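To keep things clear, I will list the structure first and then write my remarks on it.
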Amino acid sequence: MSIPEELQKILKSAREVVALTGAGISAESGIPTFRGADGLWSKLSPEELASFDAFLRNPQLVSEWYEHRRKIARESKPNQAHIALVEMERIFPSFTVVTQNIDNLHKRAGSMKVAELHGNIERNYCLGCGKHYDGEDFDRNRNFKCPECGGLIRPDIVWFGEMLPVDQWAMAEEAVQRAEVIFVVGTSSVVYPAAELPMTVRRNGGKIVEVNIEETPLSNIADFSFKGSASRVLTEITDQTKELRGFAKDTE
Ligand code: BV8
């Protein structure tokens, strides 16, 4: 796979770069996506499971679903695509990962600057007293009853119709303001406001590079569109960019 001349020139000198990631970047870690043929939404309806109303109607069912997804995420490992983005932090003077994923894989891969737009499946909090029950604290048996106040414990993630965490959105907006390049990786680009971010880069004169195994609403707008798996394409782009920027070849 070769990088077009125009993109090579940009990657050779770029200083501010962003990657916007979706469920597709974790597909090769074995985590199901949402809208693919065998995606989560093909079996379960998001209205029944990924909304605050659904949680209030049936906290047991929704909690068990997230417990199931937390288990899958914990049993998964970051793949070469996550690792390529960790490399990009070494290559570019300023690099930010903006993720829609809640699987915690970017942080586990070693990315340091990560804006989690839709929360993190390792975090939970009590609706009654706000106490956090994160990671191992979250007692699977209790599941969703707060021992402190008896309130409902919910996952610290963003459901449809809910605002995004202000600090994470601010980090994402700040990153795209000056971005010369945004890699849009493994997302169907249909969920807002995340899907708006590449347009901000475009409006500010930056370039959009899409990496996906299929066409999306962004494909016709992207300046460069690579059809292929995130792990293969991002590894290629990272390797070629390191050469362009005179990084010593990694010892095998
Ligand atoms: C909000 C919960 C504001 C966590 C999720 C009408 C028009 C526009 C917007 C709206 C509208 N009606 C409502 C809205 C707003 C709504 C929205 O955007 N709806 C869409 C569906 C129309 N957005 C919201 O509600 C957001 N909040 O707007 O609040 C507000 C204002 C005032 C007052 C109150 C609120 C909240 C959005 C967050 C919702 N939460 N999930 C969870 O359970 O995970 S959304 C869900 O979709 C996930 O978070 C996921 O991250 C997100 C996006 O999905 P993708 O990551 O793109 O995954 P998908 O399966 O779709 O695609 C995978 C892609 O990977 C595919 O393209 C595939 O080809 C590719 N792929 C697969 N394998 C690979 C690969 N690519 C490369 N390599 C591979 N190997």
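The values are calculated or read from the model by the stated rules, or taken from the named source; none is laboratory data. Since we're looking at a predicted model, the values are computed, not measured. Using ideal geometry, Cβ is built from the backbone for each residue, glycine included, and neighbour counts are taken over all protein chains shown.
Name the pairs: first residue in segment 84-108 and in contact (Cβ under 8 Å) with a residue 40 or more places away in the chain and within 14 Å of ILE237 (Cβ to Cβ), second residue aliphatic (A, V, I, L, M) and assigned to a helix (DSSP H, G or I), Cβ to Cβ under 6 Å, at least 6 apart or on different chains? As it stands, the answer is ALA84/LEU234; PHE95/MET88, since those pairs meet every condition given. Can you name every residue in segment 112-122 that is out of contact with any Ser or Thr (no Cβ under 9 Å at 6 or more places or on another chain) and in contact (Cβ under 8 Å) with a residue 24 or more places away in the chain? Once the filter is applied, which keeps residues that are out of contact with any Ser or Thr (no Cβ under 9 Å at 6 or more places or on another chain) and in contact (Cβ under 8 Å) with a residue 24 or more places away in the chain, segment 112-122 yields GLY119, ASN120, ILE121, GLU122. Would it be correct to say that ALA19 is touching a residue at least 24 places away in the same chain (Cβ under 8 Å), under 15 Å from PHE183 (Cβ atoms), surrounded by 22 or more Cβ atoms within 10 Å (Cβ to Cβ) and away from the ligand (no atom under 11 Å from the Cβ)? In short, yes. Residue-level check: of (1) outside any strand (DSSP E or B); (2) within 19 Å of SER231 (Cβ to Cβ), ARG70 misses just (2). The single condition among (1) surrounded by fewer than 18 Cβ atoms within 10 Å (Cβ to Cβ); (2) of a type in the set (D, E, K, R); (3) more than 8 Å from the ligand (Cβ to nearest atom); (4) farther than 30 Å from VAL166 by Cβ that LYS242 does not satisfy is (1).
Annotation note: Cβ proximity below 6 Å between a residue of segment 37-64 that is in a helix (DSSP H, G or I) and a residue that is more than 10 Å from the ligand (Cβ to nearest atom) and at pLDDT below 75 (sequence gap 6+ or interchain) occurs for ALA54/GLU48; SER63/ASN143. The residue pairs whose first member lies in segment 179-198 and is within 13 Å of GLY24 (Cβ to Cβ), whose second member is of a type in the set (A, V, I, L, M, F, W, C) and assigned to a loop (DSSP other than H, G, I, E, B), and whose beta carbons are closer than 8 Å, counting only pairs six or more residues apart or on different chains, are VAL184/LEU218; VAL184/ALA222; GLY186/ALA23; THR187/ALA23; SER188/PHE34; SER189/LEU218.
Table: residues versus (1) over 17 Å from the mean Cα position of the chain (by Cα); (2) among the polar types (S, T, N, Q).
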{"residue": "GLY150", "(1), (2)": "yes, no"}
{"residue": "VAL166", "(1), (2)": "no, no"}
{"residue": "THR187", "(1), (2)": "no, yes"}
{"residue": "VAL191", "(1), (2)": "no, no"}
{"residue": "ALA194", "(1), (2)": "no, no"}
{"residue": "ARG202", "(1), (2)": "yes, no"}
{"residue": "GLY205", "(1), (2)": "yes, no"}
{"residue": "ALA222", "(1), (2)": "yes, no"}
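The listed residues are SER189, SER219, and the only one of them that is farther than 19 Å from ILE83 by Cα and either acidic (Asp, Glu) or buried (at least 21 other Cβ atoms within 10 Å of the Cβ) (or both) turns out to be SER189.
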